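Where a number appears in this text, it was derived from the coordinates with a stated rule and is not lab data. Nothing here was measured: the structure is a model prediction, and the numbers come from that model. So basically every Cβ, Gly included, is an ideal-geometry build from the backbone, and we count neighbours across all protein chains shown.
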């Protein structure tokens, strides 16, 4: 059994995620791991049309590099958040304390990215009436994506910090099987952030069922099916917000850990699913899923979803700078007491809903312009920097190892919890974490993906463009070059025009990630 909670909450983060009070999930937690770098949707522009996506006729080539960079931003936000809490800065009177307390918004970004990247193949299949990805292969790829790196970190964390509290096979099995969020007091020391990985894994398991539900919602035409898929995403968002309000209520019969279960984060995964549907919207349609009729349409042109969306909503797709400024303003607003206490105190239902909804909007504002048909502007350029891309590529390792690095700062280097220099601890934590995360990526995560073909049936063939999101292998028949002429109605470039051809088509997206790739692509994580 892991350390008793009375020992884990003394002046540090160690007991934070395990508390059974209905409080906001601790800072250390809200991070996910990811999906995979975004696999671009094949554009009709390739065949002479201007829509965002086409019926699945082959695998797409390339990826969205900005999403990889966004992973780096999300994971660094979570690291800074944890360092600020354990150094004591979060609870100080610093003018930035409130802002640092909300940098766990990175978890919302990761969960939304996971929803987007992992649901996209299912959305495309459902909209175009094709069979979806084989479930067995999908689950095998997900397991290879998260378990090898996680088990390596868990071996170190359990033996170094938790060995005396693991007295039975079950005590070892619970964290290794990512079941620590379903029994109180089971989050091991130095691994508290892995509650979000357990939540992400649950989403992986639930996604095929969600996709089946979306397919059963039916629709006679691709447009009708796309609309119903969009409704499904909206229902998930409402379900997540409702669960949070109920679970944080004073009279809720739910266990305290219910605030860490998948239903509590369906809203964040849900917006990723909605963006996946929008990015897969059938081409040559003139009806917008938003406020139909207010946007107008251009006769004789094949308008896609983005270009027929009302101007007030299109800002998120076509004005990335403005969208990111809105995200920054929302982050400042949520850093005030409106979203509840900064640390681990219990939150009220209204505070929990406000925080979840604001984090949802922030994630939307950050991700939408990167997956929409706009140019991406300055945000895309910044996220495409080589250093940012590298950090995004190893972001999973940073997520896994940074709390152990923090433990090393306090246990081995003699720092005092809640009363140390924020900048010194941050510098040492990053100096320890980044090399270990890079080693994890190149020595464990990347080689593990080479096992993806193990157990795959010879007859298993992905439907066109319904490929596992980690795969960047090109179709046997090369897709014509993505021409600069690819543009949506109104002169806006389509998603296909922004895609970067893979530097090494023989590798997966994350494998070729060290070569100008992208993704996170996302989240969370799952």
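The figures follow:
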| read-out | value |
| --- | --- |
| Computed lengthening from residue 220 to residue 254, 0.36 nm per intervening residue step minus Cα-Cα distance | 8.2 nm |
| Prolate/oblate/rounded label for segment 350-451 (Cα gyration tensor, a/c 1.5) | oblate |
| FRET efficiency, residue 169 to residue 135 (Cβ-Cβ, R0 25 Å, nearest 0.05) | 0.25 |
| Net length gained if the chain between residue 416 and residue 325 were fully extended (0.36 nm per residue, minus Cα distance) | 29.1 nm |
| Cα gyration tensor shape of segment 65-198, rounded if a/c is under 1.5, else prolate or oblate by comparing a/b with b/c | oblate |
| Mean-position separation - Cα centroids, segment 205-264 and segment 372-443, in angstrom | 32 |
| Inter-site label distance for residue 212 and residue 345 at 7 Å from Cα along Cβ, in nm | 4.6 |
| Distance between modelled label sites at residue 238 and residue 177, nm, 7 Å Cα→Cβ extension | 3.6 |
| 19 Å cut-off, amide nitrogen to a point 7 angstrom out along residue 91 Cα→Cβ, residues in segment 399-417 | 406-407, 410-411, 415-417 |
